[in-house]
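The values are calculated or read from the model by the stated rules, or taken from the named source; none is laboratory data. Note that the structure is predicted; figures quoted are calculated from it, not measured. A quick note on method: Cβ atoms are made from the backbone with ideal geometry, for glycine too, and the neighbour counts reach across all protein chains shown. For the accessible areas, the whole protein counts, side chains as well, though only heavy atoms, and no ligand, DNA or RNA atoms are used. Shrake-Rupley method; radii C 1.70, N 1.55, O 1.52, S 1.80 Å.
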Amino acid sequence: MGRILCSTGAIIARANNRDYTLLAEIMPRLACDGLEFMMYTAWHGEHEKGLLTALEPWEVPAFHMTKNIGQWISEDNLPDAEAMFRADCGLAKAMGSELLVLHLWSGQASDKHIERNIAAYPRLREIAENQGLLLTVENVLCNTRDPMSHMRALAEAYPDIRFTFDTKMAAFHTQLDALYQPENAWLLPHIAHFHVNDYAGGHMDWGNMSAKALGAGHLDFERFFAFVRRMGYAGDMTHEGSALAEDGAVKYDQLNDSLRRIRAGLGEEKCP
């Protein structure tokens, strides 16, 4: 069975001034096997050495790429997107990551010009593979169509593409149940990673987009985990639900409860 990861975005965010040095205090108290590192634009450059130092003791199997990459592709700014992508790949490699999570479309433009985003994929994949990294495209929010449609188009254009499937992102578009339908069996071989987050909103509820702790929303995780076990999935899973109070304190009980629920859902008998 794969590893249970915690996203750094759940524990290092605006509420604690994005102070990555806090990882030394936080990580020993988490019931996870490692991290998915969430990269912020402001951390590029002078912060990179500090990031590597802060993360050195911990396993970082997955690297969530800077969201500006997809936004710039959507806005037809491929040179800046590719430069940022290259920088992210270099940092991910230095962290010892194996898998990249990419928002291939993002920002205000989102999927309005999806043909640009689909066309950019093979070049980005080539850059990642040259660093020995597996590139996955996440089923992120759309404001024009929906992620399942775009994943199907990507799979048809690039038959060996890999995806990160996010439960909250799917639920936002009322597409989590679509994962279980026989007509979407084409998707399953492409899934290399899962983000397991709860969701408390309705269909395309833009005022209620946050990733929640398991149990804080309305998603049926019993059904989800039963399906994942049946499909024989053996990869990693990441929890991203925000676990910070307004004053920046980590809600350890809430976060560890979500991590343990994921571990239990996969049929593992004990927590680390």
### Query
Using θ = phi - 60° and the Karplus form 6.51 cos²θ - 1.76 cosθ + 1.60, what ³J(HN,Hα) does each residue of region 125-130 get, whole Hz, x for Gly and Pro?
4, 4, 4, 4, 5, 5
### Message
With a cap of 13 neighbouring Cβ atoms within 10 Å, and only residues DSSP puts in a loop, list the trypsin sites (Lys or Arg not before Pro) found in region 212-272.
### Response
Lys270
### Task
Report ³J(HN,Hα) in whole Hz for each residue of region 11-18, in order, from the Karplus equation J = 6.51 cos²θ - 1.76 cosθ + 1.60 where θ = phi - 60°; Gly and Pro get x.
10, 10, 8, 4, 4, 10, 6, 6
### Task
Note the full-extension length gain between Met1 and Asn184 as 0.36 nm times their separation in residues minus their Cα-Cα distance, in nm to one decimal.
63.5 nm
### Query
Say a paramagnetic label sat at a point 7 Å from the Cα of Ala264, along Cα to Cβ; which residues of region 18-33 have their backbone N under 15 Å from it?
31
## Note on the structure
Relative contact order of region 140-272 (C-alpha contacts under 8 Å, at least 6 apart) in percent is 20 percent
### Summary
Rounded to the nearest 500, the 222 nm mean residue ellipticity computed for the chain from DSSP H runs (n ≥ 4, each -39500 (n - 2.57)) alone is -10500 deg cm²/dmol
#### Entry: For region 21-99: rounded, prolate or oblate by the Cα gyration tensor [a/c cutoff 1.5]
prolate
### Summary
Sorted by chain and number, the residues with a modelled amide H under 5 Å from that of His64, at a separation of 5 or more or across chains, are Phe37, Met38, Met39, Val101
### Query
Asp205 to Tyr158: FRET efficiency via 1/(1 + (r/R0)^6), r the Cβ-Cβ distance, R0 35 Å, to the nearest 0.05?
0.65
### Query
What are the semi-axes of the equivalent ellipsoid for region 142-272, taken as the square roots of 5 times the Cα gyration tensor eigenvalues, largest first, in whole Å?
25, 19, 12
### Which of Asn256, Leu188, Gly215, positive extreme of dipole for region 141-272 (C-beta unit charges)
Leu188
### Message
Compute, for the chain, the length of the dipole vector about the Cα centre, with Cβ point charges of +1 (Lys, Arg) and -1 (Asp, Glu) only. Units Debye, rounded to 20.
### Response
280 debye
### Query
Going by a ≥ b ≥ c, the root eigenvalues of the Cα gyration tensor, does region 201-254 fall in the rounded group (a/c under 1.5), the prolate group (a/b larger than b/c) or the oblate group?
oblate
## Note on the structure
Amide H contacts under 5 Å for Gly217, restricted to residues at least 5 apart in sequence or on another chain and with H modeled in the peptide plane, are Tyr199
### Message
Through the Karplus equation 6.51 cos²θ - 1.76 cosθ + 1.60, θ set to phi - 60°, convert the phi angles of region 86-95 into ³J(HN,Hα) values in whole Hz; use x for Gly and Pro.
### Response
4, 4, 4, 4, x, 5, 4, 4, 5, 7
### Summary
Farthest towards the positive end of the dipole of the chain, among Ile127, Gly107, Val140 and with Cβ unit charges of +1 on Lys and Arg and -1 on Asp and Glu, lies the Cα of Val140
### Query
Per residue, how much accessible area does the chain show when a 1.4 Å probe rolls over the protein heavy atoms, in square angstrom?
43 Å²
#### Entry: FRET efficiency, 1/(1 + (r/R0)^6) with R0 30 Å, evaluated for Glu246 and Ala24 via beta carbons
0.85
### Cα centre as origin, Lys/Arg/Asp/Glu Cβ charges: region 138-272 dipole, Debye
260 debye
### Message
At 1.4 Å probe size, with the rest of the protein present, what percent of the exposed accessible area of region 46-177 is carbon and sulfur atoms?
### Response
47 percent
### Query
Out of residues 5 or more away from Leu135 or on other chains, whose amide H comes under 5 Å of its own, with H placed 1.01 Å from N in the peptide plane?
Leu100
#### Entry: Proximal lysines relative to Lys168, as straight alpha-carbon distance under 22 Å, when same-chain residues fewer than 8 apart are discounted
Lys67, Lys112, Lys212, Lys251
#### Entry: Listed residues Pro159, Pro61, Pro182, most fluctuating in the chain (Gaussian network, C-alpha, under 10 Å)
Pro182
#### Entry: For region 106-216, size of Cβ-based charge dipole, Lys and Arg +1, Asp and Glu -1, in debye
200 debye
### Query
Using a simple spin-label model with points 7 Å from Cα along the Cα→Cβ vector, what separation in nm is obtained for Asn130 and Glu48?
1.5 nm
### Task
Report the extension gain between Ser149 and Asn17 in nm, rounded to one decimal, defined as 0.36 nm multiplied by the number of residues separating them, less their alpha carbon distance.
43.8 nm
